Amino acid sequence: MFYRDRYIWKSDILDIPEVAHGFSTRRGGVSTLPHTTSMNVGFFRGDEEETVLENIRLFCTYAGLPDEVVCTPQIHSDRIRYVTRENAGEGTVKDVPFPCDGFVTDQPGITLLVRVADCAPVLLAGKTESGAPLVGAVHAGWRGTAAGIGTKAVAMLRNMGAVKICAAVGACIHACCYQVGEEMRDKVKGLRGTDFAGRYVQERDGGLYADIAGMNRELLLEAGAVQVDVCGACTQCAPELYHSHRATGGIRGTMGAAVGIVPAL
Ligand SMILES: [Zn+2]
C-alpha cells in the first residue's frame, strides 16, 4: 500500500531492511518558479542547476537515501544500466553521456533516480537467497512500458540472483485522463497483442484512454515479481500536488522516484 511520508510517497512493500526509497511530489523543495514550485528534480526546466541539485539532495534526505546519486537523460526506451558507486554523480550535471530509462544495482551507497511527469515511475527491490538486497528504478511511459522495460528490470534482477522481487508503480497519469491516439493503441497491439491492448487501451466517450499503471502491473507480475503495488493517484487530476506534463502543456517541473541500498553502519 502507498502512504505519504511528509513530502513524499512510499510503498510499504519496499519497506525492507537495507533498502530506502521514495516518490517525490511537488512539495518540500526550494524551487520558486510558478511551474517548478517547489520540488523539481529536472534540469532544463527553468531552475538554476544548483536549485535542482539542492532539491535532489533534499529528496534523498526525506527518503533516507544515500546522497550519491545516478540519473540520466531519458529516451522512452527499454534500456537499463547496471551501475555501482563509481557512477555516482552521472546525470547530476548537464553533460551526461549515457541516456537510458532505468538502473539496477546490488551495491550499497548509490541512489538510482528516475524522473517523471505523467509517465510511470517503477521502483523494484528484491533479495538473493543469502539475503543480499538488489534494487532497480525505471521510467515507464507508454513506449517504454509497451517495449517491456518493467519485464527487463525484473529479468535483470533475477539474473543477479534476486528470488523475491517486489515492485511499486508511483503516481502517474491514469485512464481517467490519459487520452491517446489510434497510433498508440496500434503500437501496443503490435508489441503486446490485441488482448493486452484491449485490456489497457479502452474506448470511452468517443476517445481512447490508456492505463499505463495497469500495463506495468501485469507485465511486472508476468515477469516474476511476487508483489506489485500501484499508487492510485493521477498526476493530471492533481497538478497542484504533482508535476503533470499534460495538465500544463509541458511547462512544468519534474518529479523523481528513487531507490538505493543503504550502507551498513
Ligand atoms: Zn486523472
- Task: Identify all lysines with a Cα-Cα distance to residue 10 below 20 Å; exclude those on the same chain that are fewer than 8 residues away in sequence.
- Result: 127, 164
- Item | For the chain, with +1 on Lys and Arg beta carbons and -1 on Asp and Glu, the positive-most of 261, 125, 149 along the dipole | 149
- Note on the structure: Computed for the stretch 67-143: size of charge dipole around the Cα centre, +1 on C-beta of each Lys and Arg, -1 on C-beta of each Asp and Glu, debye to nearest 20, value 160 debye
- Task: Jot down the radius of gyration and Dmax of the chain, Cα atoms only, both in angstrom.
- Result: 17.1, 57
- DSSP-defined antiparallel bridges as percent of all bridges, the chain, nearest 5: 80 percent
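Using unit Cβ charges (K, R positive; D, E negative) and no other charged atoms, how large, in debye to the nearest 20, is the dipole of the stretch 19-82 about its Cα centre? Can you show the working numbers first?
Working: 6 positive and 8 negative charges, 60 e Å.
About 280 debye.
When N is the residue count of the stretch 88-202, what does its C-alpha Rg come to as a fraction of 2.2 N^0.38 Å? Display every interim value, and only then the final one.
Numbers: Rg = 15.9 Å, N = 115, 2.2 N^0.38 = 13.4 Å.
Ratio of Rg to 2.2 N^0.38 Å for the stretch 88-202: 1.19.
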- Item | Amide H contacts under 5 Å for residue 178, placed H, 5+ residues apart | 210
- Task: Any chance you could check the Cα centroid distance between the stretch 147-170 and the stretch 45-93 for me, in angstrom?
- Result: 20 Å
- Item | Size of the stretch 142-265 as Cα extents on the principal axes (Å, biggest first) | 53, 36, 19
- Query: Extension gain residue 238-residue 202, at 0.36 nm per residue separation less the Cα-Cα distance, in nm?
  - Reply: 10.7 nm
- Query: Picking from 23, 7, 35, whose Cα lies most toward the positive end of the charge dipole for the stretch 1-42 (charges on Cβ: Lys, Arg +1; Asp, Glu -1)?
  - Reply: 35
- From phi via Karplus (6.51, -1.76, 1.60), per-residue ³J(HN,Hα) for the stretch 234-250 in Hz, x at Gly/Pro: 9, 5, 6, 5, 9, x, 6, 9, 10, 6, 10, 4, 6, 5, 10, x, x
- Expressed in nm to one decimal, what extension gain is obtained for the pair residue 226 and residue 132 from 0.36 nm per residue of sequence separation less their Cα-Cα distance? 32.1 nm
- Task: Taking the Cα centre of the chain as origin, sum charge times position over the Cβ atoms of Lys and Arg (+1) and Asp and Glu (-1), and report the length of that vector in debye to the nearest 20.
- Result: 320 debye
- If only Cα atoms are counted, what is the Rg of the stretch 43-146, and what is its Dmax, in Å? 13.7, 46
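Per residue, what volume in Å³ does the convex hull of the Cα atoms of the stretch 108-172 enclose? Could you put the intermediate results ahead of the total?
Values: hull volume 4.9 nm³, N = 65.
Hull volume over Cα atoms, normalised by residue count, gives 75 Å³.
Here, each number is a calculation from the coordinates, and none is a lab measurement. In this text the structure is predicted, and so the values were computed from the model without any measurement. Ideal geometry is used to build each Cβ from the backbone, glycine not excepted, and the neighbour counts take in all protein chains shown.
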